[in-house]
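A.B. asks: Quick one: structure below, then a few questions.
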Amino acid sequence: MFAFLIIKCYNNYMRKILHCDANNFYASIECMLDPTLKDKYVAVSGNPDKRHGIILAKNQKAKECGVKTGEVIWEAKRKCPNLVLVPPQFDKYVYYSNKIFDIYCQYTDRVEPFGIDECWLDVTGSMRLFKSATAIADELRERIKKEIGITISVGVSFNKIFAKLGSDMKKPDATTLISPDNFKTKVWPLDVSDLLMIGRKTEAKLKGLGINTIGDLANTNVDVLISKFGINGQKIYDNANGNNSEEVRLYYDKHIPKSIGNSTTMPKDVVLRDEAKAVIMALSEMVAIRLRKYGFIAGGVHLGMRFNDLSYVGKQSKLPYKINSASSICDFAMEIYDSFQHTLPLRLLSVTTFDLSKGEEMQQLSLFDDERVEKLRRIDASLDKIREKYGYNALKSASLLEYPFVTDGLEDSDFLPFKK
């Protein structure tokens, strides 16, 4: 057993994992497409007139002025008066993301996306063709710069967690190596919140225990962590000690996510039930489109509501059968909506499906339900074909026509599966 553990640890240390992160991706694409923006302070933002006035991304110059992703436009403008705002072009971001991933796949088949602009690569099997993993990282940086016109930062390590840390350590356009020999000096002094899986609540609990750095976490008694965090206590302990052995998935593996959802901040506060239903229907259509695009069906629906006093409530429901049609998602979401007793105007609504599985699972339905589900399936298939050719706005449900403010700020880019 002891010998087995030694061999396992040795094999983990022998892995060569990269984490590639496109620097300021949205803003970098905008500056690449429009060279006049190159030397300016640039941010990609939503529409301030429709309450979408937040910073979605910023370039390096704006970042150096203190502009942050997620802050409202007026705050960013106060920090950077010369900030140039550009609207997002999501179809362009998807297009260039695909081109970048095509380059990654020329080096290994183990390419695991972590969002549209970053991913892990396991290049262990490519070592016969290259002198080192850092050589691959440097070559990728040069190719992306030359062939795409933007920069990436790359972390090189022996596991996914430290590779991700490496890509965050030095930006932009840099390669950072975290090895079995140097991780204690490079990683352990970092704030514990820098470690993947450490969110705000976990960070607060850890710091309440006097665990402030990743090194503190690595040297804490694991039994204490398990007693406080359950199985996640073991995971974060292993991550801090470099013992994460999670594989990088094959790029073409069909991964089933835990949930698919959409949310929106309404252009105006919503009070009436019919108005709320129109918003929920629009969100349900976005979710249903994505479910069907990737061949998923859902066994649960969650509805979230944020009111104009910024308070939030959410509730989920397991379904009697699995669904992927907008009308069914909306019906179940409205059941949840009607179960709440509230009087405050609504500012934000979210619809999320969970308990996902691939394909048309065998389900025990009544004859009536079976006929209804089949009818909805045919209708949705027809809608998908029309919208794929002409865009989302080619067809809208009657409820959305009655309350046009619901989709007033939505473009085809909000229904990205049709753009991929």
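The values are calculated or read from the model by the stated rules, or taken from the named source; none is laboratory data. Bear in mind that the values here come from a model prediction, so they are computed numbers and not experimental data. Note that each Cβ is placed from the backbone with ideal geometry, even for glycine, and that neighbours are counted across all protein chains shown. Only protein heavy atoms, including side chains, enter the accessible area calculation; ligands, DNA and RNA are left aside. Shrake-Rupley method; radii C 1.70, N 1.55, O 1.52, S 1.80 Å.
A.B. asks: For the range 93-131: of the residues being assigned to a loop (DSSP other than H, G, I, E, B) and free of Cβ contacts under 8 Å to residues at least 12 places away in the same chain, which is nearest to Tyr252 (Cα to Cα)?
C.D. replies: Within the range 93-131, the match that is nearest to Tyr252 (Cα to Cα) is Gln106.
A.B. asks: For a quick check of your reading of the model, give me the residue pairs whose first member lies in the range 201-229 and is of a type in the set (Phe, Trp, Tyr), whose second is surrounded by fewer than 17 Cβ atoms within 10 Å (Cβ to Cβ), with beta-carbon atoms closer than 8 Å and at least 6 apart or on different chains.
C.D. replies: Phe229/Lys205
A.B. asks: Out of the range 265-296, which residues are open to solvent by less than 30 Å² (accessible area, probe 1.4 Å), modelled with pLDDT under 85 and over 15 Å from Thr353 (Cα atoms)?
C.D. replies: Answer for the range 265-296, where residues must be open to solvent by less than 30 Å² (accessible area, probe 1.4 Å), modelled with pLDDT under 85 and over 15 Å from Thr353 (Cα atoms): just Met266.
A.B. asks: Also, quick follow-up: Of the residues Tyr237, Tyr252, which single one is closer than 30 Å to Met14 by Cα, of a type in the set (Phe, Trp, Tyr) and modelled with pLDDT under 90?
C.D. replies: That would be Tyr252, the only listed residue that is closer than 30 Å to Met14 by Cα, of a type in the set (Phe, Trp, Tyr) and modelled with pLDDT under 90.
A.B. asks: If Ile329 satisfies all but one of (1) in a helix (DSSP H, G or I); (2) open to solvent by 30 Å² or more (accessible area, probe 1.4 Å); (3) not small (Gly, Ala, Ser), what's the number of the condition it fails?
C.D. replies: It fails just one condition, (2).
Residue by residue, here is whether (1) open to solvent by less than 90 Å² (accessible area, probe 1.4 Å); (2) modelled with pLDDT of 65 or more holds:
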site: Met1; (1), (2): no, no
site: Phe4; (1), (2): no, no
site: Cys9; (1), (2): yes, no
site: Met14; (1), (2): no, yes
site: His19; (1), (2): yes, yes
site: Tyr26; (1), (2): yes, yes
site: Asp34; (1), (2): yes, yes
site: Ser45; (1), (2): yes, yes
site: Lys50; (1), (2): yes, no
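A.B. asks: Residues that are in contact with a Gly (Cβ under 8 Å, 6 or more places away or on another chain), closer than 24 Å to Asp122 by Cα and open to solvent by 40 Å² or more (accessible area, probe 1.4 Å), at least 1 per element: which helices (runs of 4 or more DSSP H) completely within the range 150-254 meet that?
C.D. replies: 160-169, 183-186
A.B. asks: Let me spell it out: the conditions are (1) in a helix (DSSP H, G or I); (2) of a type outside the set (Lys, Arg); (3) at pLDDT below 95, and Ile260 meets all of them except one. Which number is the exception?
C.D. replies: The one condition Ile260 does not meet is (1).
A.B. asks: In the range 55-83, how many residues are open to solvent by 20 Å² or more (accessible area, probe 1.4 Å) and under 18 Å from Asn23 (Cα atoms)?
C.D. replies: So the count comes out to 11.
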